[in-house]
1. Taking the condition under 17 Å from the mean Cα position of the chain (by Cα) and aliphatic (A, V, I, L, M), does ALA129 pass?
2. Sort out which residues of the stretch 33-49 are outside any loop (DSSP other than H, G, I, E, B) and touching a Leu at 6+ places or on another chain (Cβ under 9 Å), and write them in order of number.
3. Please count how many residues of the stretch 93-116 are surrounded by fewer than 17 Cβ atoms within 10 Å (Cβ to Cβ) and either under 22 Å from the mean Cα position of the chain (by Cα) or over 8 Å from ALA229 (Cβ atoms) (or both).
4. For the stretch 169-217, enumerate the residues that are acidic (Asp, Glu) and under 23 Å from TYR239 (Cβ atoms).
5. Name the pairs: first residue in the stretch 40-52 and closer than 17 Å to GLN72 by Cβ, second residue crowded, with 18+ Cβ neighbours inside 10 Å and aliphatic (A, V, I, L, M), Cβ to Cβ under 6 Å, at least 6 apart or on different chains?
6. Under the condition of being outside any strand (DSSP E or B) and touching an Asp or Glu at 6+ places or on another chain (Cβ under 8 Å), which residue from the stretch 212-228 is farthest from GLU81 (Cα to Cα)?
7. Which of the residues that make up the stretch 97-136 are basic (Lys, Arg) and in contact (Cβ under 8 Å) with a residue 60 or more places away in the chain?
8. Tell me which of these VAL32 doesn't satisfy, since it passes every other one: (1) within 16 Å of the chain's Cα centre (by Cα); (2) closer than 30 Å to PRO168 by Cα.
Amino acid sequence: MKLFRLLLPCLLCLVSTLLSGCISPNKNRKVVHLLNHKDLNNFYSYLKEFGRENDPDHVFTLTNGMLRISGQYYGYLATRETNYANYKLIAEFRWGEKTWAPRETNARDSGVLVHFVGKDQVWPKSIEAQIIEGGTGDILVVSGAYLTVDGVTKGPAIARFDRPGRNPWQDIKGFRGPHEVEAPTGHWNRMEILCQGQDLGLKVNGHPTLSGTRASPHAGKILVQSEGAEIFFRRLDLYPLP
């Protein structure tokens, strides 16, 4: 018994060390800089007019370490990694000046699409964190995807969940709504996309906009859109979650 009492503090210390090692939160999980400010090697391009990795008019370029998307053609820049799941993605973006037909006079439009699976097309099976003047923070299910928000399930057809306070909305260039969460045109915005299991949530400039569950699919590629408006990204950082 005396020996046990002498050894007990050492045993408790050992157990405590083992347990703390087991539950250490995200200790070895490092941020993934999808946009590395040196090149676009983490991505491939797809344009409706030209297909995969054929960008003759330089829709996607790196300028002063920032990603510039001209918006001239419909398409996207997608990750080469095919199975991202359980992460927080932080995207920082701002609008440019140029817009293109057929949306030259419409609200500037883009988006970050997650859980992209299947074939390349405009637009692929995925769930979209919407970036559009007056409606940034909406969520769309795209081309076969499903999501449930506040008990309402949408999919497989393309459908949108409007963020609270979005409406009334007008599809005109420069539109700002009465309860706007996006910074003025030309200023930087921060979007957070939380993907954990089948749950998905959005924040825009610190404001929670929408959250859903029963996401299908709930893993896949990540893409940023070219959709008729010039847009810049200075940050696309992915933080793995347990």
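The values are calculated or read from the model by the stated rules, or taken from the named source; none is laboratory data. Keep in mind it's a predicted model, so treat the numbers as computed, not measured. Cβ: placed from backbone, ideal geometry, glycine included. Neighbour counts: every protein chain shown. What goes into the accessible areas is simple: the full protein's heavy atoms, side chains included, and nothing from ligands, DNA or RNA. Shrake-Rupley method; radii C 1.70, N 1.55, O 1.52, S 1.80 Å.
1. yes
2. Within the stretch 33-49, HIS33, PHE43, TYR44, SER45, TYR46 meet the criteria.
3. Selection size over the stretch 93-116: 6.
4. GLU182, GLU192, ASP199 - these are the residues of the stretch 169-217 that are acidic (Asp, Glu) and under 23 Å from TYR239 (Cβ atoms).
5. Listed by first residue and then by second, the contacts come to SER45/LEU77.
6. GLY228
7. Quick first cut of the stretch 97-136, residues basic (Lys, Arg) only: 98, 103, 108, 119, 125.
LYS98, ARG103, ARG108, LYS125, listed by residue number.
8. If we test VAL32 against (1) within 16 Å of the chain's Cα centre (by Cα); (2) closer than 30 Å to PRO168 by Cα, just (2) comes out false.
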